[in-house]
Amino acid sequence: MTADVSTSLTTSEDGKLVLPSYERPAGLHPPLDFDGYRSTALRHPKRPLVLLPHRLTEVTGPLLGDDLITATDADLTTQHGGEPQGQRIIVTGRVVDSGGRPVPDTLIEIWQTNAAGRYRHSREHHPAPLDPNFDGIGRAITDSAGRYRFITIQPGSYPWGNHYNAWRPAHIHFSLFGRAFTQRLVTQMYFPGDPLLPLDPIFNSVPDEKARQRLIADFDIELTQPEWALGYHWDIVLRGRDATAFE
Amino acid sequence: MTPSQTVGPYFAMRLPWPDGPFVVPESTPGAITIIGRLYDGAGNIIPDGLIETWQASPDGRFAHPDDPRGATPAGYRSFRGFGRCPTAPDGSYRIITLKPGPVPAWDGSIEAPHLDVSVFARGLLDRVVTRMYFPDEMAANAADPVLCSIGSQQRRDTLIAVPEPEGQLRFDIRLQGDRETVFFDV
């Protein structure tokens, strides 16, 4: 298994090395230090982040394949013998980059509460019932057009102790890899019209109003299946790339 | 673009994989074990964090189409390059992997062997990213363009793992405090 370490990179015809570089979305993500969310106080770095120009480690990333996925991973309502309680919903959309290009073959992992607002987790003590037919976990791989589709149950709201009478709006946690280390994203999808959204420090930690709205799925009657399930549409936009030639 | 939100306290329902810490199977010749703990600004351990690593193979290559040298050679087919480990109740994590090779950079310099490390946790509204370097690579580390971009030796030292008596490498991560780890804007 010994191999020579290859220390020169292939260059394009005109002698320049071409590596992609990923957009840096200034002001998009929430600040790491955010007063309204108590747990950030001792967990945010106080020193300025050091700018890391994108090199090979950052423009590559794990390309995780279909072998991780089983048939019921994208349908959270069929993972047990019986039907879970609650409103059946379809959540679907595309993963694209900021240049509008689809992000194909990328792993999406989701987790959420059941219809009663209860997570299946050992450190969760909210006195709402567990559902023996619902784990609240799913996985999918985007297709060649970047599309994904989950069937699940409308999650509930739950209290979280951040401040007096603090309740999280209903949400689904999403984890995405994209095609490069720089594109890795963990976020949350919310539901339109949720009265808790204006009160939620985590949702409102996103500084830009338009960016915040992009965390809210659209109800879509076209996706809604008669006599069966409500349809929600949610596109996820990852950082776009440019090929940058270096002398 | 879609903004980040915290991974929250309940990601352990989905994100840990049974084989997540194993970038290679433990029995792989040359496998190394990286251990460490995650700390907050009060010096307390963080028992609900998630550590992810991404790195080159031992010959400094990536199994990815954007590595201009092509796909990783067949000798490293069982090598995933990616590791993922939640922190335990004592704040600890471990990753079993192969030591990466040096990586060429576009500016003609050579990057010393390193892992990119992401940290996710309740209380982190976005991941934070750091790098782990190797203590037995003093010359390569001294020439590494990323380490060289950090002015203070004391700060650079937060990125270099510490050898343990039993051959493991310790890489503790401190989100805040006197010995706060260097984090990068990627």
*Quick one: which of B:THR6, B:THR28 is in a loop (DSSP other than H, G, I, E, B) and surrounded by 23 or more Cβ atoms within 10 Å (Cβ to Cβ)?*
B:THR6
*asked:* If I go through the range A:30-88 residue by residue, how many of them are buried (at least 21 other Cβ atoms within 10 Å of the Cβ), farther than 29 Å from A:ARG212 by Cβ and of a type in the set (A, V, I, L, M, F, W, C)?
replied: 1
*asked:* Just checking, does the range A:221-234 include any residue being within 11 Å of chain B (Cβ to nearest Cβ), of a type in the set (A, V, I, L, M, F, W, C) and within 22 Å of B:ARG122 (Cα to Cα)?
replied: no
*the range A:5-25 - residue that is at the interface with chain B (Cβ under 7 Å from one of its Cβ atoms), in a loop (DSSP other than H, G, I, E, B) and closer than 22 Å to B:ASP59 by Cα and, of those, modelled with the highest pLDDT*: A:LEU9
*Among the residues of the range B:9-20, write down those that are in contact with a Pro (Cβ under 9 Å, 6 or more places away or on another chain) and either without any contact (Cβ under 8 Å) to a residue 60 or more places away in the chain or part of a loop (DSSP other than H, G, I, E, B) (or both).*
B:LEU15, B:PRO16, B:ASP19, B:GLY20
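Applying the selection to the range B:103-121, what residues are surrounded by 21 or more Cβ atoms within 10 Å (Cβ to Cβ) and either within 13 Å of the chain's Cα centre (by Cα) or not in a strand (DSSP E or B) (or both)? Please lay out each step first, then the result.
Step one: of the range B:103-121, the residues surrounded by 21 or more Cβ atoms within 10 Å (Cβ to Cβ) are B:103-106, B:111-117, B:119-121.
Matches in the range B:103-121: B:ALA105, B:TRP106, B:ALA112, B:PRO113, B:HIS114, B:LEU115, B:ASP116, B:VAL117, B:VAL119, B:PHE120.
What residue, of A:ARG212, A:ARG149, is within 19 Å of A:PRO31 (Cβ to Cβ), modelled with pLDDT of 95 or more and outside any loop (DSSP other than H, G, I, E, B)? If you could, list the steps in order and put the result at the bottom.
On the way: A:ARG149 fails: within 19 Å of A:PRO31 (Cβ to Cβ).
Exactly one residue qualifies, and that residue is A:ARG212.
So that you can scan it fast, the table gives a plain yes or no per residue for (1) assigned to a loop (DSSP other than H, G, I, E, B); (2) within 29 Å of A:ARG139 (Cβ to Cβ); (3) more than 7 Å from chain B (Cβ to nearest Cβ):
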residue	(1), (2), (3)
A:GLY27	yes, no, yes
A:PRO30	yes, yes, no
A:ASP35	yes, no, yes
A:THR57	no, yes, no
*Residues in the range A:113-159 that are within 22 Å of A:PHE191 (Cα to Cα) and in contact with a helix residue (DSSP H, G or I) (Cβ under 9 Å, 6 or more places away or on another chain): how many?*
6
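One residue is enough: does the range A:113-130 have a residue meeting the conditions part of a strand (DSSP E or B), within 12 Å of chain B (Cβ to nearest Cβ) and either among the hydrophobic types (A, V, I, L, M, F, W, C) or over 20 Å from the mean Cα position of the chain (by Cα) (or both)?
Filtering the range A:113-130 for residues part of a strand (DSSP E or B) gives none.
Within the range A:113-130 (the criterion being part of a strand (DSSP E or B), within 12 Å of chain B (Cβ to nearest Cβ) and either among the hydrophobic types (A, V, I, L, M, F, W, C) or over 20 Å from the mean Cα position of the chain (by Cα) (or both)), the answer is no, since none of the residues qualifies.
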*Any residue in the range B:36-60 that's crowded, with 21+ Cβ neighbours inside 10 Å: show its pairings with residues that are among the basic types (Lys, Arg) and assigned to a loop (DSSP other than H, G, I, E, B) at Cβ separation under 6 Å, as long as the two are six or more apart or on different chains.*
B:ASP40/A:ARG43; B:ASP48/B:ARG122
*All but one of (1) over 20 Å from the mean Cα position of the chain (by Cα); (2) at pLDDT 95 or above; (3) more than 9 Å from chain B (Cβ to nearest Cβ) hold for A:ILE89, so report the exception by its number.*
(1)
*Among the residues of the range A:168-185, is any touching a strand residue (DSSP E or B) at 6+ places or on another chain (Cβ under 8 Å), of a type in the set (S, T, N, Q) and more than 30 Å from B:VAL119 (Cβ to Cβ)?*
no
_Restricting the range A:169-182 to residues that are surrounded by fewer than 23 Cβ atoms within 10 Å (Cβ to Cβ) and not in a loop (DSSP other than H, G, I, E, B), the residue that is nearest to the other protein chains (Cβ to nearest Cβ)_ = A:SER175
*asked:* Residue under question is B:ARG122, and the condition is that it be among the basic types (Lys, Arg), under 18 Å from B:GLY8 (Cα atoms) and modelled with pLDDT of 95 or more; does it hold?
replied: yes
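Listed here are the residues, each with its yes/no results for (1) touching a strand residue (DSSP E or B) at 6+ places or on another chain (Cβ under 6 Å); (2) in a loop (DSSP other than H, G, I, E, B); (3) buried (at least 21 other Cβ atoms within 10 Å of the Cβ).
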{"position": "B:MET132", "(1), (2), (3)": "yes, no, yes"}
{"position": "B:ALA142", "(1), (2), (3)": "no, no, no"}
{"position": "B:LEU147", "(1), (2), (3)": "no, no, yes"}
{"position": "B:GLN154", "(1), (2), (3)": "no, no, no"}
{"position": "B:PRO165", "(1), (2), (3)": "no, yes, no"}
{"position": "B:GLN176", "(1), (2), (3)": "no, yes, yes"}
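The values are calculated or read from the model by the stated rules, or taken from the named source; none is laboratory data. Not measured: the values here are computed from a predicted model. Cβ coordinates were reconstructed from backbone atoms using ideal geometry, including for glycine residues, and neighbour counts include every protein chain displayed.
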